1. Which residues among the range 193-229 fall inside the zone where the amide N is under 19 Å from a point 7 Å beyond the Cα of Gln256, along Cα→Cβ?
2. Exceeding 25 Å between C-alpha atoms, which entries from my cross-link table qualify? They are Lys153/Lys185; Lys130/Lys175; Lys130/Lys185.
3. Cα centroids of the range 148-164 and the range 104-136: how far apart, whole angstrom?
4. Please give the contour-minus-distance gain from Glu199 to Val76: 0.36 nm per residue of separation, less the Cα-Cα distance, rounded to one decimal in nm.
5. Enumerate by residue number the trypsin sites (Lys or Arg not before Pro) in the range 172-243 meeting two conditions: DSSP loop (anything except H, G, I, E, B), and at most 16 other Cβ atoms within 10 Å of the site's Cβ.
6. Which value in nm describes the separation of the simple spin-label points at Thr137 and Arg98, placed 7 Å from the Cα toward the beta carbon?
7. Would you mind calculating the gained length between Ser147 and Thr162 on full extension (0.36 nm times residue separation, minus the Cα-Cα distance), in nm to one decimal?
8. Determine the sum of side-chain charges near His223: Lys and Arg each +1, Asp and Glu each -1, restricted to other residues whose C-beta is under 11 angstrom from that of His223.
Amino acid sequence: MALLDNVAALSRIYDDLAVRLAKMERAAGITPADALAGRQLAVLHRLSKIEAALQPSATASAAAAQPSRLPLMRAVDAGGSEVQRRLQAELLERGLARHVFCRAPPDYYSRPLEYRQRVVGAASPHHLCKSIVLTNTRAHPSVTDCSDPLNSKYYLVIVQYTARLHTQKLMAFVKSLSGGRVAAKYFNMRLAPPEVSDELTGFEHNGVSPIGLRTRLPIILSHRVAQLHPDTFFMGAGEVDLKVGLSAADFIAAYQPFVTDCTYDDGEGGEEEAAETAG
């Protein structure tokens, strides 16, 4: 345990240093040195492997014991970007006063989930989520938009990064929404092409969010997100490096998503779906 504690402490120190350096570089308008970034990445990768080998669940267990706390926001942060101000205004309009926005460093998506967890202050890697747009490729010819949430051409789905989307479960759920009015042959859920997702949401890859959508897409939330404890989860907020943390209960009350089991159970297959929907 002493060795594990030392490795974890060193990893936290190094992560904190990397985050602080990235912020200072951005503030000064400096492009991070590629060679230094490479060495940082190599060291952190080795630390992650040691932690995983010694005790895979240690980091998540420790983090879960310290629930994420959300500040009470009473007004839009004037210092935020245009996108952040727009999304924050919507949150406040919907009564979601408890939330937090945070900026991720440039190498955020090239780093392990444990690192990302620490950057945003999540309770565990399971509290990191992504929003993806799914399209019904076999929808009836009369179904061309999102005007009917019970029989929509497109859905925005929120799942954990640690989970794998189960398209068959998702398709069965979407089919059930129509109450049997639509034949099974008119359902086939697939990841929407990037250009379609961009057009519908108004956001690019890794920045997709259910907040501030260009098109009012019906939202489907994985039941695993709704069951998180503590229930503060983090997801994209309109920009690649902008993340937002919210209470799952508050989000459900404000946005009224469909909540369903749409992921594989632990230990179950699903490599195809995982690869197809990686975000």
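1. Taking a point 7 Å out along Cα→Cβ of Gln256, the residues of the range 193-229 whose backbone N falls under 19 Å are 210-222.
2. Lys130/Lys185
3. 18 Å
4. Residue separation times 0.36 nm, minus the Cα-Cα distance, leaves 41.7 nm.
5. Arg181, Arg214, Arg216
6. 4.2 nm
7. Extra length available between Ser147 and Thr162 comes to 2.3 nm.
8. Counting the neighbours of His223, the net charge comes to +1.
Any read-out appearing in this document is the output of simple, stated calculations on the displayed coordinates, not a laboratory observation. Quick caveat, the model's predicted, so the values are computed rather than measured. FYI the Cβ positions are ideal-geometry reconstructions off the backbone, even for glycines, and counts take in every protein chain you see.
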